[in-house]
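The values are calculated or read from the model by the stated rules, or taken from the named source; none is laboratory data. None of these values were measured; they are calculated from a predicted model. Note that we place each Cβ from the backbone using ideal geometry, even for glycine, and neighbour counts take in every protein chain shown. All accessible areas refer to the heavy atoms of the entire protein, side chains included, with ligands and DNA or RNA removed. Shrake-Rupley method; radii C 1.70, N 1.55, O 1.52, S 1.80 Å.
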Amino acid sequence: MGPRQRRQAGAIVLGALVAAALLAAQLWLTLRLQWTSREPLADAAIGFNFSCDQAEYLLLEVPGAGPDGHVDDGRPGRAAWCAEVLGRLLELTGARLVRLGVPWDEVEPREGEFDFAVIDAQLEVVREKGATANVSIGMKSQRHPEFYVPNWALAGVELRDGMVLSEVPVLRERALRMVASVARHLAGRREIDSWTAENEGYIASHRARRWALGRDYVAEVAATIRANDPLGRPVAINHAQHYVFDRRWRDALADGDVLAQSLYPRRNYFVLGRHFVIDIMQLGWLMPNYAYQARVARAAGKEFWVTELQGEPWTDGDARLISPERPSKNLSPETLSKNVEYARRTGAARIYLWGAEWWLFQLERFGDGRWLEAVRSVVRGGS
């Protein structure tokens with residue numbers, strides 16, 4: 001290679017190095033200037049979500065046992081057991097906020113016949129522990145299978161994948177009648193501090209044949225709850241916005257008294273047979289600016305909450321197989337605390353962690369109290 005060729009090669013290498021340095025600097029600047037790095041930590045109140053179904057799945061059912069390992073929802077003493085587990089979690093975490101759901105198939109197993117035993121027992125222990133509850137009501141509730149529509153309510157309904165259930169007149173009528181009955185029954189309970197109209201009502205459920213609900217219906221659920229609550233407690237509408245292009249958070253803000261979001265920072269991705277965990281809060285401008293949403297909500301005289309914050313591993317398999325010896329790459333007690341930091345930087349007034357049943361499962365099955373200790377720490381430091 002002659003002198004001229006060497007100079008040209010050197011110039012190409014230098015140019016490539018400069019380009020790489022500029023790209024790295026731009027990436028560093030983007031990450032440093034995005035809201036997850038520069039927003040202050042809000043003095044948020046921190047609680048957790050609780051599902052009795054999920055607690056039974058983790059604490060009572062046996063992996064791989066089939067029907068023999070299933071726990072019957074109609075068993076005697078179920079309501080008291082659910083309340084006892086919830087009370088234990090309130091004691092172990094020190095939290096004084098909890099978010100509960102009222103699954104339709106549980107509360108109205110037969111048309112017009114209501115069974116409030118489970119939700120009443122849970123609310124009683126909330127009261128005894130000096131805590132308060134947010135209660136979600138509707139067709140869609142927390143945890144699998146998301147849509148808890150009883151079989152009787154589906155009579156005469158032709159079900160299809162991807163359908164908007166709220167557009168079926170008879171199903172909509174039955175659901176709203178249930179919402180009114182549940183709200184009327186619970187309205188006198190002072191330990192309820194707020195409600196949620198449906199759960200992530202705008203999101204089609206991949207767990208239930210991609211069924212969805214319409215915005216007009218979710219707004220009518222909120223209006224029905226308000227009409228049956230003489231105390232006028234706020235009704236939240238929560239969303240699960242993954243990327244900045246989704247603008248439906250503005251619908252939730254317009255139709256609810258509280259704008260709420262679900263926040264799951266650590267996601268699993270599989271590329272060429274390899275497993276990666278990506279912190280999606282570090283994707284810069286692609287991610288929603290929740291801190292901006294909180295400011296818009298406050299300017300409208302409303303609050304911003306995180307009603308689901310990832311506090312258990314995001315797994316594509318059986319969560320009961322995760323143990324201290326086989327830990328998840330997706331989440332650890334240390335990264336749980338980092339997730340809380342992200343949520344506090346949104347400016348949220350409240351943060352409800354997701355995974356309380358799993359923390360107790362890890363303690364009881366494996367003697368691993370690190371998860372509950374991490375939660376106790378953030379509860380003490382976050383409010």
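Give me a count of the residues in segment 327-362 that are in a helix (DSSP H, G or I) and surrounded by fewer than 17 Cβ atoms within 10 Å (Cβ to Cβ).
Residues in segment 327-362 being in a helix (DSSP H, G or I) and surrounded by fewer than 17 Cβ atoms within 10 Å (Cβ to Cβ): 4 in total.
Quick check on Leu321: is it open to solvent by 50 Å² or more (accessible area, probe 1.4 Å), without any contact (Cβ under 8 Å) to a residue 12 or more places away in the chain and of a type in the set (A, V, I, L, M)?
Answer is no for this residue.
Kindly state which helices (runs of 4 or more DSSP H) lie completely within segment 67-167 and contain at least 3 residues that are within 25 Å of Leu309 (Cα to Cα) and at pLDDT 95 or above.
78-93, 117-128
Could you count how many residues in segment 209-236 are among the hydrophobic types (A, V, I, L, M, F, W, C) and open to solvent by less than 10 Å² (accessible area, probe 1.4 Å)? Walk me through how you get there before you give the answer.
Narrowing segment 209-236 to residues among the hydrophobic types (A, V, I, L, M, F, W, C): 211-213, 218-219, 221-223, 225, 227, 231, 235-236.
Now drop any that are not open to solvent by less than 10 Å² (accessible area, probe 1.4 Å), which leaves 218, 221-222, 225, 235-236.
Here the count works out to 6.
Could you please let me know if Ser136 is open to solvent by less than 40 Å² (accessible area, probe 1.4 Å) and over 13 Å from Gly214 (Cβ atoms)?
It is true that Ser136 is open to solvent by less than 40 Å² (accessible area, probe 1.4 Å) and over 13 Å from Gly214 (Cβ atoms).
I'd like the full set of residues that are surrounded by 23 or more Cβ atoms within 10 Å (Cβ to Cβ) and among the aromatic types (Phe, Trp, Tyr), limited to segment 192-208.
Trp195 - this is the single residue of segment 192-208 that is surrounded by 23 or more Cβ atoms within 10 Å (Cβ to Cβ) and among the aromatic types (Phe, Trp, Tyr).
Return the pair list, or none, for Cβ contacts closer than 9 Å from residues in segment 105-130 that are on the phi > 0 side of the Ramachandran plot to residues that are crowded, with 22+ Cβ neighbours inside 10 Å and assigned to a helix (DSSP H, G or I), at least 6 apart or on different chains.
Cβ pairs passing all conditions: Gly130/Leu90.
Here is a list of conditions, (1) under 24 Å from Ala219 (Cβ atoms); (2) hydrophobic (A, V, I, L, M, F, W, C); (3) open to solvent by 30 Å² or more (accessible area, probe 1.4 Å), and Phe116 meets all of them except one; can you say which number that is?
Failed condition: (1).
Being open to solvent by 10 Å² or more (accessible area, probe 1.4 Å), within 23 Å of Val182 (Cβ to Cβ) and either β-branched (Val, Ile, Thr) or within 20 Å of the chain's Cα centre (by Cα) (or both) is the filter here, so list the residues in segment 86-107 that pass it. Please lay out each step first, then the result.
We begin by selecting, within segment 86-107, every residue open to solvent by 10 Å² or more (accessible area, probe 1.4 Å); these are 88, 91-92, 94, 96-97, 101, 103, 105-106.
Add one more test, that the residue is within 23 Å of Val182 (Cβ to Cβ), and what stays is 97, 101, 103, 105-106.
Correct list: Leu97, Gly101, Pro103.
Residue check, Val62 against (1) within 30 Å of Arg370 (Cβ to Cβ); (2) under 20 Å from the mean Cα position of the chain (by Cα); (3) not in a strand (DSSP E or B), all met but one. Which one?
Every condition holds for Val62 apart from (2).
Return yes when Phe147 is in contact with a strand residue (DSSP E or B) (Cβ under 6 Å, 6 or more places away or on another chain), more than 28 Å from Asp368 (Cβ to Cβ) and not acidic (Asp, Glu) and no when it is not.
Details: in contact with a strand residue (DSSP E or B) (Cβ under 6 Å, 6 or more places away or on another chain): yes; more than 28 Å from Asp368 (Cβ to Cβ): yes; not acidic (Asp, Glu): yes.
So Phe147 passes the test.
Suppose we keep only residues that are more than 20 Å from Arg110 (Cβ to Cβ) and of a type in the set (Gly, Ala, Ser) within segment 159-185. Which one would you say is least open to solvent (accessible area, probe 1.4 Å)?
Ser166
Do we have His239 as open to solvent by 60 Å² or more (accessible area, probe 1.4 Å) and under 26 Å from Leu353 (Cβ atoms) here? So that I can check it myself, show each step before the final result.
Values: open to solvent by 60 Å² or more (accessible area, probe 1.4 Å): no; under 26 Å from Leu353 (Cβ atoms): yes.
Against the criterion (open to solvent by 60 Å² or more (accessible area, probe 1.4 Å) and under 26 Å from Leu353 (Cβ atoms)), His239 does not qualify.
Listed here are the residues, each with its yes/no results for (1) in contact with a strand residue (DSSP E or B) (Cβ under 9 Å, 6 or more places away or on another chain); (2) of a type in the set (S, T, N, Q); (3) farther than 17 Å from Arg172 by Cβ; (4) at pLDDT 95 or above.
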| position | (1), (2), (3), (4) |
| --- | --- |
| Glu191 | yes, no, yes, yes |
| Tyr202 | yes, no, no, yes |
| Ala208 | yes, no, no, no |
| Leu213 | yes, no, no, yes |
| Glu220 | yes, no, no, yes |
| Asp229 | yes, no, yes, yes |
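Does Val306 satisfy the criteria of being under 18 Å from Arg99 (Cβ atoms) and in contact (Cβ under 8 Å) with a residue 24 or more places away in the chain?
Against the criterion (under 18 Å from Arg99 (Cβ atoms) and in contact (Cβ under 8 Å) with a residue 24 or more places away in the chain), Val306 qualifies.
Which pairs have Cβ atoms under 6 Å, sit 6 or more apart or on different chains, and link a residue in segment 270-294 that is under 20 Å from Ala348 (Cβ atoms) to one that is of a type in the set (Val, Ile, Thr)?
Note: pairs meeting the criteria are Met281/Thr36; Pro288/Val244; Tyr290/Thr346; Ala291/Thr346; Ala294/Thr346.
Can you report the number of residues in segment 249-307 which are open to solvent by 10 Å² or more (accessible area, probe 1.4 Å), modelled with pLDDT under 95 and among the β-branched types (Val, Ile, Thr)?
Residues meeting the conditions: 3.
Since Arg320 meets every condition but one in (1) under 28 Å from Ala236 (Cα atoms); (2) in a helix (DSSP H, G or I), which condition does it not meet?
Unmet condition: (1).
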